[in-house]
1. So how do Phe221, Phe152, Phe130, Phe59 line up by other beta-carbon neighbours within 10 Å, fewest first?
2. For the range 46-61, just list the computed ³J(HN,Hα) in residue order, Karplus coefficients 6.51, -1.76 and 1.60, θ = phi - 60°, integers in Hz, with x standing in for Gly and Pro.
3. Taking only Cα atoms and a 10 Å spring cutoff, compute GNM fluctuations for the chain and point out the largest among Thr126, Thr136, Thr181.
4. Please report the Cα spread of the chain along all three principal axes, rounded to whole Å, starting with the longest.
5. Taking θ = phi - 60°, what integer Hz values does the Karplus form 6.51 cos²θ - 1.76 cosθ + 1.60 yield along the range 84-99, in sequence order, with x for Gly and Pro?
6. Going by average Cβ neighbours within 10 Å, how do the peptides 189-201, 158-170, 28-40 rank, with the highest at the top?
7. Need one number for the range 39-139: average projected area of the convex hull over its C-alpha atoms, nm².
8. Apply the Karplus curve 6.51 cos²θ - 1.76 cosθ + 1.60, θ = phi - 60°, to the phi angles in the range 192-202 and return the couplings in whole Hz, x for Gly and Pro.
Amino acid sequence: MTVNPTPETTHPTAHPTGPASSTGPQEPLALLETLALHEGTLRHAAQHLARMAAAAAHFGYPWRAAEVEQCLQTLAQRHPQDLWRVRLLLDAAGRPSAQAYPLAPTAQPVRLQLATQPLVEALSPTLGAFVRYKTTRRAHYEALAPTQPDVFDTVLWNTADELTECTRGNVAVRIAGRWLTPAAECGLLPGVARALALQSGQLQEAVLRRQDLPRVEAWAFLNSLRGWLDATLEAA
């Protein structure tokens, strides 16, 4: 199948809103979910829609589940083969839109780096919602994203020196033979893959601090889009 690198878009009632700009006027805030579409099947769609519905309730956006599901299904029917990254948006009027981008497999292990400064929004009483819910307002993540092309993502930490997540997914570490992931109370987006790993017992929540890094035996990056990826942490 020949893949067109230009994404196809499904927006039954409106164009999606874009991400907030750190240099220009902010565009309208949209809620965001990123899903994998493999051979015509949307991976963990129910969990992603439940998370978007919770975000809609928090921000006061109308939620019409049938309309959102139809938007996704229309896009999925157009891509019955191969692997795609689906970007689902919901605007303030409750109008969904979706785009599909070709997705290549990820070589493992991926390289992670430790952030050089805390993500202050993680524990912020006013800005924490933009960490706990996935939206197009992501300037706080983009500011800490890797700048080197061979580094996959950045491990973030909060103002209490606790590890939280990566800019594009969750993080897990193995300490004393147990796989652990930062506790939600530390300020992070509770990812779908993370939730499933916690439910299965593959992961346990823990408060992990930067001082614990020498005890880490192994690293992993995980999100619903790419799954569980073995990882290494670059030396500071």
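No lab work stands behind these numbers, since they all come straight from the coordinates. Computed from a predicted model, the values in this text were never measured in an experiment. Don't worry about glycine lacking a Cβ; one is built from the backbone with ideal geometry, like all the others, and counts go over all protein chains shown.
1. Phe59, Phe130, Phe152, Phe221
2. Karplus values, whole Hz, x for Gly and Pro: 4, 5, 5, 5, 5, 5, 5, 4, 5, 5, 4, 5, 5, 8, x, 8.
3. Comparing Thr126, Thr136, Thr181 in the GNM, the peak value goes to Thr126.
4. 51, 42, 34
5. Computed from phi, the couplings for the range 84-99 are 9, 9, 9, 10, 9, 10, 9, 8, 5, 8, x, 9, x, 8, 9, 10 Hz.
6. 158-170, 28-40, 189-201
7. The orientation-averaged projected area of the Cα hull of the range 39-139 comes to 8.2 nm².
8. With the stated coefficients, the range 192-202 comes to 5, 5, 4, 4, 5, 5, 5, 5, 7, x, 5 Hz.
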